[in-house]
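Contents: one structure, followed by commentary.
The values are calculated or read from the model by the stated rules, or taken from the named source; none is laboratory data. Everything numeric in this text was worked out from a predicted model, so none of it was measured. Every residue, glycine among them, receives a Cβ derived from its backbone with ideal geometry; neighbour counts consider all protein chains shown. Heavy atoms of the whole protein, side chains included, go into the accessibility calculation; ligands, DNA and RNA do not. Shrake-Rupley method; radii C 1.70, N 1.55, O 1.52, S 1.80 Å.
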Amino acid sequence: MKLATLRNGTRDGQLAVVSRDLRLAAWAEDVVAGLSTLQALLDDWEELSPKVARIAAELNEVSEGGRRAPFATFDFDPGQAMAPLPRAYQWADGSAYVNHVELVRRARGAEMPQSFWTDPLMYQGGSDTFLGPREDIVVADEAFGIDLEGEVAVVTGDVPMGLASGDAEGCIRLLMLVNDVSLRNLIPGELAKGFGFFHGKPSTAFGPVAVTPDEFGPAWRDAKVHLPLEAAINGRALGHPNAGRDMTFSFADLIAHASKTRRLAAGTIIGSGTVSNKGPDGGPGKPVAEGGAGYTCLAEVRTIETIVAGKPTTPFLSFGDMVRLDMRDATGLSIFGAIEQKVVRYPGA
């Protein structure tokens, strides 16, 4: 099933069930009394999700022209979507594509610890002001080094402390498309303090709908999504690396890592980190213009330019730029709906 949170004038929006083709929607509360938010569904998943799944199945039949809905439906408008979880109890972003980590560190002359291949990197980000798929990326200064980061994330149910990776996939409730916006020029100074990200990681954006793993069919296996993630800037393709390829740590691995010393509450979001593929020769990936899979962030473009030519030539994002992220199934159908955001100057700057 596919789920969206639509604007209704409140902080947490209203939960809607969306058809597989993203054409139609229905309010969950119209069928399941009292179910108004996605967090409420996650809190009582075992009891409520079968009821919501029945709504989704009927909605899919209606959208495909097979029957008339036994409940009210309306056209789904991604422009009215908030982040599926407009605010969450926890947002922990991993770095499952170690190829990306290795390239970025190599460009700045930092050694790559061997442990990075066996022990995932993860940071805890802000989860109080997530952005919807059409909300602007608001930044005070272009000099901060504005960048997109195309990712996939999972939303968990309750996870016990110390859960083994082999048991963690069963805790995955939903998947989402992510733009983990980064302010690259602020990050090195923050990391130099030895205490992690803060200013360099502003509000994160999510795609219009969250989807259950079964929506991916055979593309969901080994707790990974084996589909390309498409990234574009101002209508020009930046890349389409496959999210299942070169993913060193699966989502099950990331959940197990996050739960090492704590329980995770239902509604915890865990990101994959920037989707990144190696080149066919095992080296850095190549740009789309050269027949490669390209990239989902500008930092990786600039990193490879630095490695090859000694310095980066591609600028970070500027005010007015449009960013687009999407993921399609084998038939070309958008799974999450696209993230489409404009970079704008903060009016108070």
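What translational D, rounded to a whole number of µm²/s, comes out for segment 213-308 from Stokes-Einstein when the hydrodynamic radius is the Kirkwood one over Cα pairs, at 25 °C and 0.890 mPa s?
The Stokes-Einstein estimate is 164 µm²/s.
How large is log10 of I(q)/I(0) for segment 42-130 at q = 0.12, 0.17 Å⁻¹ when the intensity is taken from the Debye formula with one equal scatterer per alpha-carbon?
With no solvent term, the Cα-only Debye profile gives -0.71, -0.92.
Just how many pairs of Lys in the chain have C-alpha atoms closer than 27 Å, counting pairs that are eight or more places apart or on different chains?
For the chain, the number of qualifying lysine pairs is 20.
Give the share of C-alpha pairs in each 10 angstrom bin for segment 274-334, from 0 to the last occupied bin, in whole percents, shortest bins first.
With a bin width of 10 Å, the distribution comes to 19, 46, 29, 7, 0.
Would you mind computing, in nm to one decimal, how far apart the modelled labels at Asp30 and Glu61 are, each placed 7 Å from Cα along Cα→Cβ?
1.7
Can you give the angle from 0 to 90° between the axis of helix 298-309 and the longest principal axis of the chain, with both taken from C-alpha atoms, to the nearest 10?
20
Sorted by mean Cβ packing within 10 Å, highest first, what order do the peptides 279-289, 252-262, 6-16 take?
The peptides rank, most packed first, as 252-262, 6-16, 279-289.
Using a 1.4 angstrom probe, figure out how much accessible area segment 28-151 has per residue, in square angstrom, rounded to the nearest whole.
On the way: 5880 Å² over 124 residues.
Counting only protein heavy atoms, the per-residue value for segment 28-151 is 47 Å².
Could you work out how much longer the chain between Glu190 and Asp128 gets when fully extended? Use 0.36 nm per residue separation minus the Cα distance between them, nm to one decimal.
Between Glu190 and Asp128, full extension yields 20.2 nm more.
Let me know the Kirkwood hydrodynamic radius for segment 100-175, please, with Cα pairs as the basis and the value in Å to one decimal. Spell out each step's value before the answer.
Numbers: mean 1/r = 0.0605 Å⁻¹.
16.5 Å is the Kirkwood radius here.
Rounded to the nearest percent, how much of the accessible area of the chain (1.4 Å probe, protein heavy atoms only) is carbon and sulfur?
Roughly 50 percent, rounded to a whole number.
With N set to the residue count of the chain, report its C-alpha Rg divided by 2.2 N^0.38 Å to two decimal places.
0.97
I need the Kirkwood Rh of segment 145-190: take the reciprocal of the average 1/r across all distinct C-alpha pairs and report it in angstrom.
13.1
Working from Cα positions, state the angle (0 to 90°, nearest 10) between the long axis of helix 98-107 and the longest principal axis of the chain.
For helix 98-107, the angle is close to 30 degrees.
Roughly what % of DSSP beta bridges within the chain run antiparallel, to the nearest 5?
Within the chain, antiparallel bridges account for around 90 percent of the total.
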